[in-house]
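Novice: Questions regarding the structure given below will be posed in turn.
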Amino acid sequence: QTVVTQEPSLTVSPGGTVTLTCGSSTGAVTSGYYSNWFQQKPGQAPRSLIYRTTNTHSWTPARFSGSLLGGKAALTLSGAQPEDEADYYCLLNYGDGVLFGGGTKLTVL
Amino acid sequence: EVQLLESGGDLVQPGGSLRLSCAASGFTFHSYAMTWVRQAPGKGPEWLSAISGDGIHIYYADSVRGRFTVSRDNSKNTLFLQMNSLRGDDTAVYYCAQNTLVHYGLAVWGLGTTVTV
């Protein structure tokens, strides 16, 4: 059974930079997994931030960027704001299905 | 403005059925693939199903294949999820999401509708 892995929790200082990663139990994540990233705050629906590894939506704050890093998909937040405190989920596309990661709880402190 | 509004969630007995709807507005509905995602209490999201804009190409997660059926009515800008043989582990908030025009992306999400089995 394929598993998508994320850091359970991370902490970043206000104004700081943090990178969240998304790995696959099948091996290195490449552009062919078309990774997506989502932000979810308590009691709200997820909000899409990144699609197809690096593409942002019109509503995605410029401080968020997506990439591949060390065989994983990555979401980098540069200049963290208090409102960025949330759960972050990645999604990977496999040939036979789509899987979400378990999520990273990001604390801005 | 793109808006998605799910409805149809309810309390249902194990073995029962429900039909969820997702009313779309603010975009050319038939041009976009759509996706259903659910989230059990305290858990992460789970991808369930996707359907192409013309309704021809349909995909399911193993966990729901054979029990759930996705469909759409492009004349009414509405997406559906027929759920049969419901089990306790189907309890979740169910979201519909608009796919990006290029493949393999999700864009706007609805607010969700709650299913309790």
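The values are calculated or read from the model by the stated rules, or taken from the named source; none is laboratory data. No experiment lies behind these values; they were computed from the predicted model shown. Positions of Cβ are backbone-derived with ideal geometry, glycine not excepted, and every protein chain shown enters the neighbour counts. For accessibility, only protein heavy atoms count, side chains too; no ligands or nucleic acids. Shrake-Rupley method; radii C 1.70, N 1.55, O 1.52, S 1.80 Å.
Novice: Working only within region B:100-114, note down all residues that are buried (at least 18 other Cβ atoms within 10 Å of the Cβ) and under 12 Å from the mean Cα position of the chain (by Cα).
Specialist: Within region B:100-114, B:Trp109, B:Gly110, B:Gly112, B:Thr113 qualify.
Novice: Scan region B:104-117 for residues that are at the interface with another protein chain (Cβ under 10 Å from one of its Cβ atoms) and not in a loop (DSSP other than H, G, I, E, B) and jot them down.
Specialist: Once the filter is applied, which keeps residues that are at the interface with another protein chain (Cβ under 10 Å from one of its Cβ atoms) and not in a loop (DSSP other than H, G, I, E, B), region B:104-117 yields B:Leu106, B:Ala107, B:Val108, B:Trp109.
Novice: Where in region A:1-65 are there strands (runs of 3 or more DSSP E), lying fully within it, with 1 or more residues that are of a type in the set (Gly, Ala, Ser) and more than 10 Å from chain B (Cβ to nearest Cβ)? Steps first, answer last, please.
Specialist: Values: elements: A:4-6, A:9-12, A:17-24, A:36-40, A:47-51.
In region A:1-65, A:9-12, A:17-24 are the strands (runs of 3 or more DSSP E) which contain 1 or more residues that are of a type in the set (Gly, Ala, Ser) and more than 10 Å from chain B (Cβ to nearest Cβ).
Novice: Would you check which residues across region B:16-28 are of a type outside the set (Ser, Thr, Tyr) and touching a strand residue (DSSP E or B) at 6+ places or on another chain (Cβ under 8 Å) and list them? Break it down into steps so the answer makes sense when it comes.
Specialist: As a first pass, look at region B:16-28 and keep what is of a type outside the set (Ser, Thr, Tyr): B:16, B:18-20, B:22-24, B:26-27.
B:Leu18, B:Arg19, B:Leu20, B:Cys22, B:Ala23, B:Ala24, B:Gly26, B:Phe27 - these are the residues of region B:16-28 that are of a type outside the set (Ser, Thr, Tyr) and touching a strand residue (DSSP E or B) at 6+ places or on another chain (Cβ under 8 Å).
Rundown of residues vs (1) under 21 Å from A:Pro46 (Cα atoms); (2) more than 15 Å from the chain's Cα centre (by Cα); (3) touching a residue at least 60 places away in the same chain (Cβ under 8 Å), yes/no style:
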| position | (1), (2), (3) |
| --- | --- |
| B:Thr28 | no, yes, no |
| B:Trp36 | yes, no, yes |
| B:Lys43 | yes, yes, no |
| B:Phe80 | yes, no, yes |
| B:Ala92 | yes, no, no |
| B:Val117 | no, yes, yes |
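Novice: Right, another one. Mind listing just one residue for me: the one in region B:45-66 that is in contact (Cβ under 8 Å) with a residue 12 or more places away in the chain and among the hydroxyl-bearing types (Ser, Thr, Tyr) and, of those, farthest from B:Val108 (Cα to Cα)?
Specialist: In this case the residue turns out to be B:Ser63.
Novice: Between A:Leu92, A:Leu99, which is closer than 19 Å to B:Gly105 by Cβ, among the hydrophobic types (A, V, I, L, M, F, W, C), at the interface with chain B (Cβ under 10 Å from one of its Cβ atoms) and open to solvent by 20 Å² or more (accessible area, probe 1.4 Å)?
Specialist: A:Leu99
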